[in-house]
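K.L.:
One structure coming up, written as structure tokens, with questions to follow.
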Amino acid sequence: MNSIEPKRIAVVGGGITGVSTALFLQSDGHAVTIFEPDEFGTGTSSGNAGVISLGSCIPTAMPGIPARVPGMLLDPYGPLAIRWGYLPKLTPWLLGFLMNCTPSRARKNATAKAALLDRAHAAYDMLIHQADAEDLVSRRGMLKVYESEASFARAKFEIEVMQHTGRRFDIVSGDEIRQLEPGLAPIFARGLFFDDNSGILDPGKLVARFAETFVAQGGKVVERHAKNLSGDGPYSISTDSGEEEADIIVIAAGSWSSRLARQFGTRILLDAERGYHVMLPHPETPLNRPVALTAHSVFLSPMDDGMRLTTGVELGGNEAPPDYTRVRRMISRIAGSVNGFRSEEQSVWLGFRPSTPNGVPFIDELPGHPNVYIAAGGGHVGMTMAPISGRIISDLVAGRDPDIDLAPYRVNR
Ligand SMILES: Cc1cc2nc3c(=O)[nH]c(=O)nc-3n(C[C@H](O)[C@H](O)[C@H](O)COP(=O)(O)OP(=O)(O)OC[C@H]3O[C@@H](n4cnc5c(N)ncnc54)[C@H](O)[C@@H]3O)c2cc1C
């Protein structure tokens, strides 16, 4: 018997976080409406590397990163770019990032991410099962490869933190890499194999499948931008086609979430870490699983429609037009890493990782605004953390114990 009182809930944003949250809330019997102006499965949640990455507890803010930033920015193949005109707006976020680059903060942030990652697969599997989406997921792990013993040695702190937080992975030799991935060139000395990771074969299709399931189960979609959120319960959501009322609001608008939280007087440090992909044909021997080429800060993910090359980070907010120069440069750069590499560009894409300075998402009720929740900030592993974030929000709404210490995910942390 369901003892939860059904509520009218508005979920703002229909990326992976919004649709996942909506499905969990719907399972509790609530009347849920998703506000999303774009077609499902076309935004940031569609063009990512598709790794359900249970091993990825390491935040971007790590010891040693500040010293490497100038070199990264000067390197035309480097993993970091900044749109300098955006710097004034970015400064508070950057300062927060720098403060998190100490060993103790990095350990603490990794532990907070790990607690979500530990629960991520169970939450994903519930939704994959509900949406009958098993065909979109390949459960063959993820491989991270290093070209030399020296570069592997530089990952010592990272590996120590991953071990400490209970990540499951094996250290593999060059021979073992060749057995796992015959499609890779025989140039790698060491690797980390995460056998419990999965690869999503078409992330956009997965989001769309979750959304279709939501609608088939009676969920409502307003294909509009939520412009103004107001009231103190019930709440009003205004769009350019009118107003809707809801008892509860969940802000799940990715890197746009900070603007919406500000409408309730809540300031959060959340910005876009822009990232690009280029689709290439599968190489002669397609990869079996997503592979991280650490020397180039590039992921290669085998997808239904080809091999996806995703790159590093561009800091520049949500508005600046794309610049595909770097991602295109990486095509020739990594050609020698893959046997029978095929370099014909099929398409290019830009997405916006919703990122907090410490890499830990916000999953909370907004202070002073009962019944306004936020689930945003999954950053580099937002695809992985979305269902568990949604499950936690549904627990908070239902007054259930979420079975996790929520302190690290608080808005006022
Ligand atoms: C290159 C790249 C590679 C990545 N690889 C991985 C990976 O391998 N594994 C992983 O776990 N993560 C990965 N990520 C991160 C992941 O893609 C994101 O963290 C995740 O998709 C964020 O999902 P979201 O639903 O929170 O935000 P989004 O997908 O951005 O969705 C937010 C939605 O809100 C909507 N919206 C915004 N404002 C409003 C409004 N006012 N009203 C209504 N709707 C609104 C937007 O239209 C958008 O559809 C990668 C990201 C990039 C860029």
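K.L.:
What are the pairs with Cβ atoms under 6 angstrom where one residue, in region 47-65, is on the phi > 0 side of the Ramachandran plot and modelled with pLDDT of 95 or more and the other, located anywhere, is within 13 Å of the ligand (Cβ to nearest atom) and not hydrophobic (A, V, I, L, M, F, W, C)? Sequence gap at least six, or different chains.
P.N.:
Gly50/Gly199; Gly50/Pro203; Gly50/Ser301
K.L.:
Take the residues of region 324-352 that are assigned to a loop (DSSP other than H, G, I, E, B) and closer than 17 Å to Pro79 by Cα: which is nearest to the chain's Cα centre (by Cα)?
P.N.:
Among residues in region 324-352 that are assigned to a loop (DSSP other than H, G, I, E, B) and closer than 17 Å to Pro79 by Cα, the one nearest to the chain's Cα centre (by Cα) is Tyr324.
K.L.:
List pairs: first residue in region 282-294 and under 18 Å from Asp304 (Cβ atoms), second residue in a loop (DSSP other than H, G, I, E, B) and hydrophobic (A, V, I, L, M, F, W, C) anywhere in the structure, Cβ distance under 7 angstrom, at least six positions apart or on different chains.
P.N.:
Pro283/Phe341; Pro290/Ala49
K.L.:
Next up: Given the conditions (1) in contact (Cβ under 8 Å) with a residue 40 or more places away in the chain; (2) away from the ligand (no atom under 16 Å from the Cβ); (3) exposed (fewer than 15 other Cβ atoms within 10 Å of the Cβ), report the number of the one that Pro37 does not fulfil.
P.N.:
(2)
K.L.:
Within the group Arg224, Arg209, Arg274, which residue is of a type in the set (D, E, K, R), under 22 Å from Ser27 (Cβ atoms), crowded, with 16+ Cβ neighbours inside 10 Å and modelled with pLDDT of 95 or more?
P.N.:
After applying the criteria, what remains is Arg209.
K.L.:
Condition check: assigned to a helix (DSSP H, G or I) and either in contact (Cβ under 8 Å) with a residue 12 or more places away in the chain or away from the ligand (no atom under 15 Å from the Cβ) (or both). Does Pro321 satisfy that?
P.N.:
Here the answer is no, as Pro321 does not meet what is asked.
K.L.:
A further question follows. Quick one: how many residues across region 361-407 are in a loop (DSSP other than H, G, I, E, B), acidic (Asp, Glu) and within 16 Å of the ligand (Cβ to nearest atom)?
P.N.:
0
K.L.:
Would you point out the residue of region 305-318, among those that are within 20 Å of Leu87 (Cα to Cα) and in a loop (DSSP other than H, G, I, E, B), that is modelled with the lowest pLDDT?
P.N.:
Once the filter is applied, the top-ranked residue is Gly312.
K.L.:
Considering Ile249, Ile268, which residue is modelled with pLDDT of 95 or more and in a strand (DSSP E or B)?
P.N.:
Just one listed residue meets the conditions, Ile249.
K.L.:
Within region 276-292, track down each residue that is over 14 Å from Val327 (Cα atoms) and either among the polar types (S, T, N, Q) or within 16 Å of the ligand (Cβ to nearest atom) (or both).
P.N.:
Correct list: Thr285, Leu287, Asn288, Arg289, Pro290, Val291, Ala292.
K.L.:
Can you tell which of Pro88, Pro70, Pro92, Pro76 is part of a helix (DSSP H, G or I), under 19 Å from Arg274 (Cα atoms) and either in contact with a strand residue (DSSP E or B) (Cβ under 7 Å, 6 or more places away or on another chain) or at pLDDT below 95 (or both)?
P.N.:
Pro70
K.L.:
May I pose another question? Going residue by residue through region 141-158, is there one that turns out to be polar (S, T, N, Q) and more than 16 Å from the ligand (Cβ to nearest atom)?
P.N.:
yes
The values are calculated or read from the model by the stated rules, or taken from the named source; none is laboratory data. Note that the coordinates shown come from a computational prediction; the quantities given were computed from them, not determined experimentally. Ideal geometry is used to build each Cβ from the backbone, glycine not excepted, and the neighbour counts take in all protein chains shown.
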